[in-house]
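All remarks here apply to the structure that follows.
The values are calculated or read from the model by the stated rules, or taken from the named source; none is laboratory data. A quick note: this is a predicted structure, and the numbers were derived from the prediction, not measured. Positions of Cβ are generated from backbone atoms using ideal geometry, with glycine treated the same way; all protein chains shown enter the neighbour counts.
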Amino acid sequence: MHKLDHIVLGANTLQEGTDYVEKKLGFSLSEIGYHHHMGTHNRVIKIGKNIYLEVIAIDPNSNKPKHFRWFNLDNKRQQARLKKSPQIIGYVIENQNPDMLKFYNPFFEASRGDYCWEFAMPKSDDTLINDELIESGLVPSIINWKSKKPVHHMVNNHFQLEKIQIELTQNHMKYKPYINYLGNVEKLQFVFNDKTDAFSLIKYPKFNVIINDKKKNSIISL
């Protein structure tokens with residue numbers, strides 16, 4: 001089983017993403033972190049012993065990198081979606097299957113403050129993965145921490161991730177070979193439904209992050 005490192009919520013601006021999550025959780029996010037090599041900035045919050053939620057956006061004060069930013073943030077369709085509302089755009093795992101690396105670009109080094117890691121983003125493949133699948137957010141990015149993990153130094157709270165559910169329609173059955181190849185990912189569940197109308201399909205694949213607020217004994221959905 002692959003270990004889930006963190007879940008990524010994208011936003012048109014970091015403030016919009018921050019307001020969205022803090023209103024949902026009723027809890028403050030971290031201070032701002034900067035990824036100078038990617039031209040992005042983020043805030044985070046712990047949602048489990050070893051899992052955190054990242055709110056990320058393009059940093060308008062940074063220089064545009066010569067390479068693509070992570071999580072499809074340079075994609076025009078992605079940007080259009082995020083202008084409508086902050087939303088879950090991906091997830092990051094610690095890979096347990098070395099054979100998967102053939103579907104990824106080479107690892108590069110990244111950092112934020114005192115933390116450093118290696119990161120790999122998926123690439124299109126003639127057989128199993130295409131641009132559409134990558135753009136959907138279904139294909140995880142891979143992380144190898146070179147420093148201590150930041151989640152262990154985040155503020156403790158009363159939130160516990162129950163699951164990250166990715167809901168697909170019958171039109172997405174073409175993704176099934178990749179989903180089967182990916183195998184089990186901690187806390188991740190794929191669900192297929194029979195929705196077929198065009199209006200509904202533009203919202204799919206649909207990410208649902210289910211968090212248990214243990215203090216209030218209630219369930220929160222992002």
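Scanning segment 139-177 for residues that are within 21 Å of Val191 (Cα to Cα), among the polar types (S, T, N, Q) and without any contact (Cβ under 8 Å) to a residue 60 or more places away in the chain yields Gln165, Thr169, Gln170, Asn171.
How many residues does segment 112-144 hold that are under 18 Å from Pro205 (Cα atoms) and of a type outside the set (A, V, I, L, M, F, W, C)?
Let us first name the residues in segment 112-144 that are under 18 Å from Pro205 (Cα atoms), namely 122, 128-141.
Those still in the list that are of a type outside the set (A, V, I, L, M, F, W, C) too: 122, 130-132, 135-137, 140-141.
Residues meeting the conditions: 9.
Considering the conditions (1) under 30 Å from Gly26 (Cβ atoms); (2) at pLDDT 95 or above, Val139 is excluded by exactly one of them, (1).
Considering only residues of segment 206-222 that are of a type in the set (D, E, K, R) and in a strand (DSSP E or B), which is nearest to Lys24 (Cα to Cα)? Step through it out loud before you land on a result.
Let us first name the residues in segment 206-222 that are of a type in the set (D, E, K, R), namely 206, 213-216.
Going one step further and asking which of them are in a strand (DSSP E or B), we end up with 206, 213.
On the way: Lys206: 18, Asp213: 11 Å.
Going through the qualifying residues, I end up with Asp213.
Under the condition of being surrounded by 14 or more Cβ atoms within 10 Å (Cβ to Cβ) and either in contact (Cβ under 8 Å) with a residue 40 or more places away in the chain or not in a loop (DSSP other than H, G, I, E, B) (or both), the residues counted in segment 120-138 number 11. Those strands (runs of 3 or more DSSP E) of segment 23-83 in which 3 or more residues are under 24 Å from Lys3 (Cα atoms) and not β-branched (Val, Ile, Thr) occupy 40-46, 52-58. Here segment 81-118 is the region considered, the condition is being out of contact with any strand residue (DSSP E or B) (no Cβ under 9 Å at 6 or more places or on another chain) and within 29 Å of Asp19 (Cβ to Cβ), and the residue that is modelled with the lowest pLDDT is Asp114. Confirm whether Ile210 is surrounded by fewer than 17 Cβ atoms within 10 Å (Cβ to Cβ) and within 15 Å of the chain's Cα centre (by Cα). So Ile210 passes the test. Hey, could you check segment 151-193 for residues that are part of a strand (DSSP E or B) and of a type in the set (Asp, Glu) and say which is farthest from Lys216 (Cα to Cα)? Ranking the candidates gives Glu167 first.
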